[in-house]
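K.L.:
What follows is a single structure, and I will ask about it in a moment.
The values are calculated or read from the model by the stated rules, or taken from the named source; none is laboratory data. If you're wondering where the values come from, they're calculated on a predicted model, not measured in any experiment. Virtual Cβ from ideal backbone geometry, glycine too; neighbours counted across all protein chains shown.
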Amino acid sequence: MELTNNIRQITEYKEMISDLLIRKAKIAGELSPSGSYIRSLIEKRRGYEEELNNGQEYIKATTSGVVSYKIDGLEEILTPNNFENINKKMLDEYNLKTGQMVANSKEEGKIVNNYEGYIVVFLNSEESKNAKIDDVVTLRMTDATEISANIVYKKEDNGKDMIVFHINKYVEDLIAYRKISLEVIWWSEQGLKIPNSAISEENGVKYVTRNRAGYTDKIYIKVKMQNKNYSIIENYTTNELLELGYTQSEISSMKSISLYDEVAITKKE
């Protein structure tokens with residue numbers, strides 16, 4: 001056996017040996033049971049890909065949006081084009097469950113406008129009766145998310161107010177549902193909340209009677225918002241009291257109301 005110390009020739013031998021080992025490994029792998037199994041899977045994959053490609057159908061949507069496979073058959077009924085035909089009795093007949101997701105279809109799909117949506121509610125409150133088209137409110141979802149909504153449709157429906165809200169946020173999260181639970185926030189103000197029965201009036205200025213450590217004080221207050229039961233109030237500023245006609249001396253002796261103060265409730269006959 002002839003030995004050599006030629007670097008170039010040694011490198012060539014090394015490359016030839018490496019190539020032969022790789023070929024041997026490939027042949028052994030393909031001829032082994034595991035190699036045959038892998039080869040069959042590859043063939044199946046190719047078959048599925050060809051079948052999928054042959055069955056493809058390209059459809060151009062007429063509107064933009066997201067693809068949804070949540071189909072329940074109400075797509076042509078509950079649309080923004082026929083609010084006047086929607087009523088509570090009709091919706092009740094569909095037996096929709098609150099919070100239940102629409103089932104996925106394996107055969108049909110739809111394009112949903114994810115830029116805007118509409119929510120129909122039926123209410124019986126002072127706020128709903130006074131609500132007007134284009135009024136803006138806040139809707140609070142079950143996860144505490146709050147979104148702005150404006151009224152686009154309203155009608156009376158068997159003693160209740162049917163109101164349609166338009167939204168342009170949170171739409172994609174609502175696509176999977178037909179019926180949800182939410183809270184309508186008609187107005188929002190910061191201040192102290194007290195019962196209307198605690199408010200009295202003197203010379204056109206409202207006030208409350210505060211009880212602190214057994215001492216009572218008459219405190220003039222400004223009502224920011226009010227419903228039939230409660231009011232949101234705050235203290236007058238010095239300038240506002242001056243405009244109401246009180247002197248600087250009178251104002252300096254006036255008290256102010258703060259959180260956790262107790263106020264007297266007036267019983268009305």
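K.L.:
Looking at segment 96-145, which of its residues are free of Cβ contacts under 8 Å to residues at least 40 places away in the same chain, over 24 Å from Asn82 (Cα atoms) and either surrounded by 15 or more Cβ atoms within 10 Å (Cβ to Cβ) or of a type in the set (Val, Ile, Thr) (or both)?
P.N.:
Thr145
K.L.:
Any chance segment 186-198 includes a residue that's in contact (Cβ under 8 Å) with a residue 24 or more places away in the chain and closer than 30 Å to Glu93 by Cβ?
P.N.:
yes
K.L.:
Oh, and also: How many of the residues making up segment 150-165 are within 20 Å of the chain's Cα centre (by Cα) and crowded, with 17+ Cβ neighbours inside 10 Å?
P.N.:
Final tally of qualifying residues: 4.
K.L.:
What's the total number of residues in segment 166-176 that are modelled with pLDDT under 95, crowded, with 16+ Cβ neighbours inside 10 Å and not in a loop (DSSP other than H, G, I, E, B)?
P.N.:
Adding up the residues that qualify gives 2.
K.L.:
Name every residue in segment 207-217 that is without any contact (Cβ under 8 Å) to a residue 24 or more places away in the chain and either not assigned by TED's automatic domain parsing to the domain that holds Asn239 or not hydrophobic (A, V, I, L, M, F, W, C) (or both), in order of residue number.
P.N.:
Within segment 207-217, Tyr207, Gly214, Tyr215 meet the criteria.
K.L.:
Determine whether Leu259 is in contact with a strand residue (DSSP E or B) (Cβ under 8 Å, 6 or more places away or on another chain), part of a helix (DSSP H, G or I) and not assigned by TED's automatic domain parsing to the domain that holds Asn124.
P.N.:
Criteria not met by Leu259.
K.L.:
Hey, could you check segment 227-260 for residues that are surrounded by 13 or more Cβ atoms within 10 Å (Cβ to Cβ) and touching a Leu at 6+ places or on another chain (Cβ under 8 Å) and say which is nearest to Thr209 (Cα to Cα)?
P.N.:
Among those residues, the one meeting the criterion is Ile257.
K.L.:
Could you look through segment 177-205, keep only residues that are surrounded by fewer than 11 Cβ atoms within 10 Å (Cβ to Cβ) and of a type in the set (Ser, Thr, Tyr), and pick out the one that is farthest from Tyr230 (Cα to Cα)?
P.N.:
Ser181
K.L.:
Okay, moving on. Please tell me if Ile180 is in contact (Cβ under 8 Å) with a residue 40 or more places away in the chain, β-branched (Val, Ile, Thr), out of contact with any His (no Cβ under 7 Å at 6 or more places or on another chain) and in a loop (DSSP other than H, G, I, E, B).
P.N.:
yes
Residue-wise test of (1) among the β-branched types (Val, Ile, Thr); (2) under 21 Å from the mean Cα position of the chain (by Cα); (3) over 22 Å from Asp173 (Cβ atoms).
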residue	(1), (2), (3)
Gly65	no, yes, no
Tyr69	no, yes, no
Ile77	yes, no, yes
Asn85	no, no, yes
Leu91	no, no, no
Tyr94	no, no, no
Lys97	no, yes, no
Met101	no, yes, no
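K.L.:
Out of the strands (runs of 3 or more DSSP E) lying entirely within segment 55-149, which hold 3 or more residues that are aliphatic (A, V, I, L, M) and closer than 18 Å to Ile180 by Cβ?
P.N.:
Those strands (runs of 3 or more DSSP E) span 117-123, 136-141.
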